[in-house]
Structure formats: structure tokens, C-alpha cells
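Computed from the coordinates by the stated procedures, all read-outs in this text should not be read as laboratory data. What you see is a predicted model; the values in this text were computed from it and never measured. FYI the Cβ positions are ideal-geometry reconstructions off the backbone, even for glycines, and counts take in every protein chain you see.
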Amino acid sequence: MKKLIEIQAELKAPKNQRNNFGKYNYRSCEDILEAVKPLLLKHECTLTITDEIKEVGGLVFVEAVATLHDKENKFKTVKAQAGIDANRKGMDIAQSFGSSSSYARKYALNGLFLIDDTKDADATNTHSNEAKTVTKPTFTPDNFQKAKAAKATIEMIKKNYTISAAIEKEYLEYIK
């Protein structure tokens, strides 16, 4: 265990990759492997990573297993999984499996070597699933005359403005 602790303490795997679309930096599985190889040599350890395709309840995923060994024994094994979307846009089936394998391997390595990804792209990336927030202007008594002239109903106002209950009540009184 001492060797594993030393490797974990010495390992530096900076986020040298850039996703310009999402505007974030990240590290790949390959980046981690490149950083850990000299430490494996220094501490006389080897690292193996294996993948297995699994299916549970109709969900197909890849499970990566990263295992650190020294001359005498196996130190530690960490597993990570990633779903496989065979219909992923812009990828053929082999690319989809390869992408999921890389992802699972990266997270198995993160677990094994205590690489903190709380600020990683996968933790902060919301560009594909974040609802766009639309800020509506506030409806105020200054808008009463224009709204009345346009014969605006409360429903129409609420569709285009933020309106407080007090202002809504006041407008309803105004249009009577």
C-alpha cells in the first residue's frame, strides 16, 4: 500500500485538453496514463486496465477495471462503468464503444489514483442539457396604460412579464 500512496501523492495529471465548444479544460485517459507511467517505473509497479461489456435490464455498458500490481501482489482494483449509446449522433458503433471505454477507463484511473474531478468538464458541463433561462421584464404600474390600450389580459401579461400578486390585483382594478 505504501507504493500506491506514494504514486497517488506524486501523480500530477493536469487538464491540458481543451473543449472549445463547452469552454472547459479536461484530462483524458491517455493524459493520466502518460503521467503515471514514470511513477510506475520509479516504484516498480505495473498497471493493467481491462474492459468488459455488460448488460443489465437492457442497458449496455462497459465496465473498466484498473489494477495496480507490484512484484509480490495485487494492490488495488477499481471499477468504473459507462453506458454505451449505439445510436450516438456522429459516431459509428465502434466509435461509440471506444468512447465509452475511454470514459470508463478514465474514471477507474481517477478512483485508483485519487484524481479529483469535482471541477472536471463532466462535473461542470451543462451545455447540452441545461434549460435556457429567460428573464422577463417586470410589469409595473407604469405599463398599465399601454396594457389597457392593447386590451391585454392578465394571462397575456404573465406570458410576457413577471408580475407580482399586488400589481396583478391593482391592474385588474385599473381595467374595470
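Couple of notes before you dig in:
- Placing unit charges on the Cβ atoms of the charged side chains and taking the dipole of the chain about its Cα centre, the candidate lying farthest along the positive direction among 110, 84, 139 is 139.
- Structural descriptor for the chain: relative contact order 16 percent, calculated from alpha carbon pairs under 8 angstrom and at least 6 residues apart.
- The chain - charge dipole about Cα centre, Lys and Arg +1 at Cβ, Asp and Glu -1, debye rounded to 20: 660
- Selected from 67, 48, 77 as most flexible by GNM, with the chain as the system and alpha-carbon contacts under 10 Å: 48
- Only one residue of 48, 68, 25 has its Cα farthest out toward the positive end of the dipole of the range 2-124, where Lys and Arg carry +1 and Asp and Glu -1 on Cβ, and that residue is 25.
- Near the amide H of residue 76, within less than 5 Å, lie the amide hydrogens of 68, all on another chain or at least 5 residues away, with H placed in the peptide plane.
- Choice from 141, 38, 14 showing the highest fluctuation, given a GNM over the chain with Cα pairs closer than 10 Å: 141
- For the range 1-55, GluC sites (Glu not before Pro) are listed when DSSP marks them as loop and at most 10 other Cβ atoms sit within 10 Å of their Cβ; the list is 44.
- A convex hull fitted to the Cα coordinates of the chain yields 218 cubic angstrom per residue.
- Structure note, pairs 12/89; 23/79; 54/106; 71/106: Cα-Cα distances above 22 angstrom occur for 12/89; 23/79; 71/106.
- Couplings 3J(HN,Hα) for the range 145-151, derived from phi with the Karplus relation 6.51 cos²θ - 1.76 cosθ + 1.60 (θ = phi - 60°), are 4, 5, 5, 5, 4, 7, 6 Hz, where x marks Gly and Pro.
- Estimated vicinal HN-Hα couplings, Hz - the range 166-176 in sequence order (Karplus 6.51, -1.76, 1.60; Gly, Pro = x): 5, 5, 4, 4, 5, 5, 4, 5, 5, 7, 5
- Karplus-derived 3J(HN,Hα) values for the range 12-29, using 6.51 cos²θ - 1.76 cosθ + 1.60 with θ = phi - 60°, are 10, 10, x, 8, 9, 8, 10, 9, 6, 5, x, 6, 9, 9, 8, 10, 9, 4 Hz; glycine and proline are entered as x.
- For the options 85, 142, 116, a Gaussian network treatment of the chain with springs between C-alpha atoms closer than 10 Å singles out 142 as fluctuating the most.
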